[in-house]
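The values are calculated or read from the model by the stated rules, or taken from the named source; none is laboratory data. It should be emphasised that the depicted structure is a prediction, and the values quoted were computed from it without experimental measurement. Note: ideal-geometry Cβ built from the backbone for every residue, glycine included; neighbour counts use all protein chains shown.
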Amino acid sequence: MDILATIGAKTKEALANLYTITEGEISFENTNAKFAGDYTFVVFPYLKHSRKKPEDTAAELGDYLIEHVAEIEDYNVVKGFLNLELSDDYWLEVAKKRVASGITIPTIGKGQKVVVEYSSPNTNKPLHLGHIRNNVLGFSYCEILAANGYDVVKNNLVNDRGIHICKSMIAWQIWGNGETPESSGLKGDHLVGKYYVEFEKKFQIEYATWIDTSEGEAQLATFKTSNEAKKYIKEGADLAKAFKSEYKNNYFNNHSTIGAEVKTTLQKWEDGDEAVIALWKKMNGWVYNGFDATYKRLGVSFDKIYYESDTYLLGKAMVQEGLASGAFFTKDDGSVWIDLTDDGLDEKIVQRADGTSVYITQDIGTADLKYANFKMDKFIYVVGNEQDYHFKVLQLILKKLNKPYADGLYHLSYGMVDLPEGKMKSREGTVVDADELMEEVVTTAQKQTEELGKTEGMSTEELTALYETLGMGALKYYLLKVDAKKRMMYDPKESIDFQGNTAPFIQYTYTRINSILRAADETGKSTAFVKPTALAAEEKDLIVLMNSYPIAVNAAANNYNPSEIANAVYELAKAFNKFYHEHVILGVEDEDVRGFRLALSQAVGDTIKHGFNLLGIGVPERM
């Protein structure tokens, strides 16, 4: 039984014996740093039973616990807060076990299989900063689940078909002049993305020209008298600009010359036209090669990759299943819908009148395919929070189809990444390209490391690896240290700082520990754990933080939140630096104290490395 379970059982016993309280959950908080103590018990909920002042109730409980729990050495009371102080002997035993046994994470997920889908890129453009957050979050969460004992499948669904890739294909055919990755020197995903942006530019020119024609002016006049225009009039907006935004998709579908070519290309693709399929395969092949290079540098991987071109029709059979069961209904035009109004949502189309599927239809079919492949207990989608509604609908549909896996669906919804310059827009080419960003952070890491003089005695190969580890670590940690649910702003310069809550600060702490341990090895000093006669406050802080680290790993899995680990590792690194500045480690004369501090330092380093591995971040052995 762990110490909190022991204290909890005895607290329950105390409440029963002192105040005849036999119901209620017992919980503890970490003691506020302003006060002495390790764990705090709040007594306010029990005052109606004790019929005493908060201070008196807390004192009575404290006295009982000191008498019945050997590990509790003292307590103090702050109003209704009972702060319990565990003995140094207890914490030294904790340290001894940790050094002897290593890091042990309770396997809360044993026997459970989880499929985690992340990345899910479109093949019309390279990956950008938003994709980086998605990928590092998805990969890290998979590592965290595995550390907790879950059987994890890392899954990627590539959106390789549809209007978006057809736009790139048409633009390349019209304006590409046979350009290839080899002839241009561009990565394949960058080349295809270049033509996606080119299509949008040409389309905007065509659209702007049409708006000035008599037909465009007639449509604008109609718009000005429509119900849609009323909200813009109320807001005092420019109706001409509002019309341009509102009518864009209508123009693309009904008037645009190059839009018609794109739609024709998509129809030919769905009909299996050999020439269109050949071009689609060639351009997607370029993109996949580009993606692979980006994934490799980012340090993420997948166990199973699905392609939308293989799965987009899977949901059609489930539409018929839903019609047969009464979960779906058909409207007069032949389209198929599901009514979710009783669930607080609305009606949702699942198949168009012409028999073609919509996006949710594909997801229904792919979910069924995943379950057939893996029989998972839970399947998690790592997707931005702009898709919150979509995944509510998806889960409800699966429930109404009586799918046994419906309750296991979870949307790991994360906030968007902003930049100081504003929001990113793929079609306008204003995104922060993933490859360029990775190169920038590595270059910045090199510059700052050289300025700080941390490269002495290292070979060119070692320095190249060091800059890569520092730069990529800085990028990933900056994105992961923030609660996944929160929208965030990314600042490349701040992420590389060697001070504060950054990866380079933690990585440098790790190399400092390694340097101490190397020096101990070179001078023949023992790192064997020896129980000291006294425990300094800074030493105890390290033991307490390492003791709580497995709890953070469990919490990160339960809360879908890698930042729990990021911040646990940061607090440990910060505490080690305080310990390092307050105490002599290698040069202390007392051999037993030296051995204890070296063993403690090694355990801290192991914990930092373990945590960073779960975040997908490397640690340099020297700097």
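When the residues of the range 120-166 are filtered to those that are over 23 Å from Met376 (Cα atoms) and among the small types (Gly, Ala, Ser), which remaining residue is surrounded by the most Cβ atoms within 10 Å (Cβ to Cβ)?
Gly130
Suppose the filter is among the small types (Gly, Ala, Ser) and not in a loop (DSSP other than H, G, I, E, B); does Ala36 pass it?
Details: among the small types (Gly, Ala, Ser): yes; not in a loop (DSSP other than H, G, I, E, B): no.
No; evaluated as a whole, the condition is false for this residue.
With (1) at pLDDT 95 or above; (2) assigned to a helix (DSSP H, G or I); (3) within 35 Å of the chain's Cα centre (by Cα) as the list, and Ala5 as the residue in question, which single condition is left unmet?
(1)
Please determine whether any residue of the range 598-615 is surrounded by 21 or more Cβ atoms within 10 Å (Cβ to Cβ) and in a loop (DSSP other than H, G, I, E, B).
There is at least one residue in the range 598-615 that is surrounded by 21 or more Cβ atoms within 10 Å (Cβ to Cβ) and in a loop (DSSP other than H, G, I, E, B).
From Gly290, Gly259, Gly299, Gly272, which residue is in contact with a Pro (Cβ under 7 Å, 6 or more places away or on another chain) and either closer than 30 Å to Leu470 by Cβ or not aliphatic (A, V, I, L, M) (or both)? Steps first, answer last, please.
Values: Gly259 fails: in contact with a Pro (Cβ under 7 Å, 6 or more places away or on another chain); Gly299 fails: in contact with a Pro (Cβ under 7 Å, 6 or more places away or on another chain); Gly272 fails: in contact with a Pro (Cβ under 7 Å, 6 or more places away or on another chain).
Just a single option satisfies the conditions, and that option is Gly290.
Do you know which residues across the range 1-26 are polar (S, T, N, Q) and closer than 18 Å to Pro106 by Cβ? Explain how you work it out, then say what you get.
Looking only at the range 1-26, we keep the residues that are polar (S, T, N, Q), and these are 6, 11, 17, 20, 22.
Answer for the range 1-26, where residues must be polar (S, T, N, Q) and closer than 18 Å to Pro106 by Cβ: just Thr6.
Of everything in the range 453-484, what is in contact with a helix residue (DSSP H, G or I) (Cβ under 8 Å, 6 or more places away or on another chain), modelled with pLDDT of 90 or more and among the charged types (D, E, K, R)? Give them in sequence order.
Once the filter is applied, which keeps residues that are in contact with a helix residue (DSSP H, G or I) (Cβ under 8 Å, 6 or more places away or on another chain), modelled with pLDDT of 90 or more and among the charged types (D, E, K, R), the range 453-484 yields Glu468, Lys476, Lys481, Asp483.
Which is over 25 Å from Gly149 (Cβ atoms) and in the same structural domain as Asn514 (by TED's automatic domain parsing), of Lys609, Lys540?
Details: Lys609 fails: over 25 Å from Gly149 (Cβ atoms).
From the options Lys609, Lys540, the qualifying one is Lys540.
Quick one: Leu369 ticks every box in (1) under 30 Å from Leu129 (Cβ atoms); (2) in contact with a strand residue (DSSP E or B) (Cβ under 8 Å, 6 or more places away or on another chain); (3) at pLDDT 95 or above; (4) part of a helix (DSSP H, G or I) bar one, so which box is it?
(1)
Would you please list the contacts, defined by Cβ atoms under 6 Å and residues six or more apart or on different chains, that run from a residue in the range 304-331 that is assigned by TED's automatic domain parsing to the domain that holds Asn284 to a residue that is of a type in the set (Ser, Thr, Tyr)?
none
Filter the range 231-268 down to the residues that are of a type in the set (D, E, K, R) and either surrounded by fewer than 11 Cβ atoms within 10 Å (Cβ to Cβ) or in contact (Cβ under 8 Å) with a residue 12 or more places away in the chain (or both) and list them by number. Step through it out loud before you land on a result.
So the first thing to find is which residues in the range 231-268 are of a type in the set (D, E, K, R), and the list is 231, 234-235, 238, 241, 244, 246, 248, 261, 263, 268.
Of everything in the range 231-268, those that are of a type in the set (D, E, K, R) and either surrounded by fewer than 11 Cβ atoms within 10 Å (Cβ to Cβ) or in contact (Cβ under 8 Å) with a residue 12 or more places away in the chain (or both) turn out to be Lys231, Lys234, Glu235, Asp238, Lys241, Lys244, Glu246, Lys248, Glu261, Lys263.
So, in the range 269-281, of the ones that are more than 18 Å from Gly193 (Cα to Cα) and buried (at least 17 other Cβ atoms within 10 Å of the Cβ), which residue ends up nearest to the chain's Cα centre (by Cα)? Step through it out loud before you land on a result.
Pass one, the range 269-281, residues more than 18 Å from Gly193 (Cα to Cα): 269-278.
Cutting the leftovers down to buried (at least 17 other Cβ atoms within 10 Å of the Cβ) gives us 269, 276.
Working: Trp269: 35, Val276: 37 Å.
Checking each candidate, the answer is Trp269.
Look at the range 2-47 and say how many of its residues are out of contact with any Asp or Glu (no Cβ under 6 Å at 6 or more places or on another chain) and on the phi > 0 side of the Ramachandran plot.
The total comes to 2.
Would you check if Gly616 is touching a Lys or Arg at 6+ places or on another chain (Cβ under 7 Å) and over 19 Å from Trp91 (Cα atoms)? Before the answer, list the steps.
Values: touching a Lys or Arg at 6+ places or on another chain (Cβ under 7 Å): yes; over 19 Å from Trp91 (Cα atoms): yes.
Yes.
Return the total of residues in the range 526-580 being in contact (Cβ under 8 Å) with a residue 40 or more places away in the chain, outside any helix (DSSP H, G or I) and within 17 Å of the chain's Cα centre (by Cα).
Selection size over the range 526-580: 3.
Per-residue answers, yes or no, for (1) farther than 30 Å from Lys370 by Cβ; (2) within 21 Å of the chain's Cα centre (by Cα); (3) in contact (Cβ under 8 Å) with a residue 24 or more places away in the chain:
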site: Ser413; (1), (2), (3): no, yes, yes
site: Glu440; (1), (2), (3): yes, no, yes
site: Gln448; (1), (2), (3): yes, no, yes
site: Glu461; (1), (2), (3): yes, no, no
site: Ala484; (1), (2), (3): no, yes, yes
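Is it true that some residue in the range 149-161 is in contact (Cβ under 8 Å) with a residue 24 or more places away in the chain and closer than 14 Å to Gly290 by Cβ?
First, pick out the residues of the range 149-161 that are in contact (Cβ under 8 Å) with a residue 24 or more places away in the chain: 149-161.
Retained after the next criterion (residues that are closer than 14 Å to Gly290 by Cβ): 158, 160.
Checking the range 149-161: at least one residue is in contact (Cβ under 8 Å) with a residue 24 or more places away in the chain and closer than 14 Å to Gly290 by Cβ.
For the range 192-230, how many residues are β-branched (Val, Ile, Thr) and exposed (fewer than 14 other Cβ atoms within 10 Å of the Cβ)?
First, pick out the residues of the range 192-230 that are β-branched (Val, Ile, Thr): 192, 197, 205, 209, 211, 213, 222, 225.
Next, from what is left, pick out any that are exposed (fewer than 14 other Cβ atoms within 10 Å of the Cβ): 205, 209, 213, 222, 225.
The qualifying residues number 5.
When Gly326 is evaluated against the numbered criteria (1) closer than 25 Å to Arg161 by Cα; (2) surrounded by fewer than 12 Cβ atoms within 10 Å (Cβ to Cβ); (3) at pLDDT 95 or above, which criterion, by number, is the only one it fails?
(1)
How many of the residues making up the range 128-166 are in a helix (DSSP H, G or I) and farther than 22 Å from Asp483 by Cα?
Narrowing the range 128-166 to residues in a helix (DSSP H, G or I): 129-147, 163-166.
Filter again for farther than 22 Å from Asp483 by Cα, leaving 163-166.
The qualifying residues number 4.
For the range 167-189, which residues satisfy the criterion of being aliphatic (A, V, I, L, M) and surrounded by fewer than 18 Cβ atoms within 10 Å (Cβ to Cβ)?
Of the residues in the range 167-189, the ones aliphatic (A, V, I, L, M) are 169-171, 174, 186.
Of everything in the range 167-189, just one residue is aliphatic (A, V, I, L, M) and surrounded by fewer than 18 Cβ atoms within 10 Å (Cβ to Cβ), namely Ile174.
From the list Leu92, Leu84, pick out the single residue that is crowded, with 16+ Cβ neighbours inside 10 Å, in contact (Cβ under 8 Å) with a residue 60 or more places away in the chain and in a helix (DSSP H, G or I). Show your work before the answer.
Working: Leu84 fails: in a helix (DSSP H, G or I).
Being crowded, with 16+ Cβ neighbours inside 10 Å, in contact (Cβ under 8 Å) with a residue 60 or more places away in the chain and in a helix (DSSP H, G or I) holds for just one of Leu92, Leu84, which is Leu92.
Residue by residue through the range 361-392, note down the ones that are over 17 Å from Val116 (Cβ atoms) and surrounded by 19 or more Cβ atoms within 10 Å (Cβ to Cβ).
Thr361, Gln362, Ile364, Gly365, Asp368 - these are the residues of the range 361-392 that are over 17 Å from Val116 (Cβ atoms) and surrounded by 19 or more Cβ atoms within 10 Å (Cβ to Cβ).
Counting only residues that are of a type in the set (Asp, Glu) and surrounded by 15 or more Cβ atoms within 10 Å (Cβ to Cβ), which one in the range 56-81 is farthest from Val593 (Cα to Cα)?
Only one residue tops the list, namely Glu60.
If you go through the range 574-623 one residue at a time, how many are small (Gly, Ala, Ser) and closer than 20 Å to Tyr141 by Cβ? Explain how you work it out, then say what you get.
Taking the range 574-623 and keeping what is small (Gly, Ala, Ser), we get 575, 587, 595, 599, 601, 603, 605, 611, 616, 618.
Narrowing the set further to residues that are closer than 20 Å to Tyr141 by Cβ leaves 611, 616, 618.
Residues in the range 574-623 being small (Gly, Ala, Ser) and closer than 20 Å to Tyr141 by Cβ: 3 in total.
Just the residues that are at positive phi and either assigned by TED's automatic domain parsing to the domain that holds Gly595 or of a type in the set (Lys, Arg) (or both), please, taken from the range 60-107. Step through it out loud before you land on a result.
Let us first name the residues in the range 60-107 that are at positive phi, namely 79, 102.
Scanning the range 60-107 gives a single hit, Lys79.
Give just the number: which of (1) in a helix (DSSP H, G or I); (2) in contact with a helix residue (DSSP H, G or I) (Cβ under 7 Å, 6 or more places away or on another chain); (3) under 20 Å from Val99 (Cα atoms) does Asp592 not satisfy?
Failing condition for Asp592: (2).
Could you list all residues from the range 99-119 that are surrounded by fewer than 22 Cβ atoms within 10 Å (Cβ to Cβ) and either assigned to a strand (DSSP E or B) or basic (Lys, Arg) (or both)?
Within the range 99-119, Lys110, Lys113 meet the criteria.
Residues that are of a type in the set (Asp, Glu) and either under 14 Å from Lys167 (Cβ atoms) or not assigned by TED's automatic domain parsing to the domain that holds Asn289 (or both), at least 1 per element: which helices (runs of 4 or more DSSP H) completely within the range 187-253 meet that?
Details: elements: 188-211, 214-224, 227-235, 239-246.
Result: 188-211.
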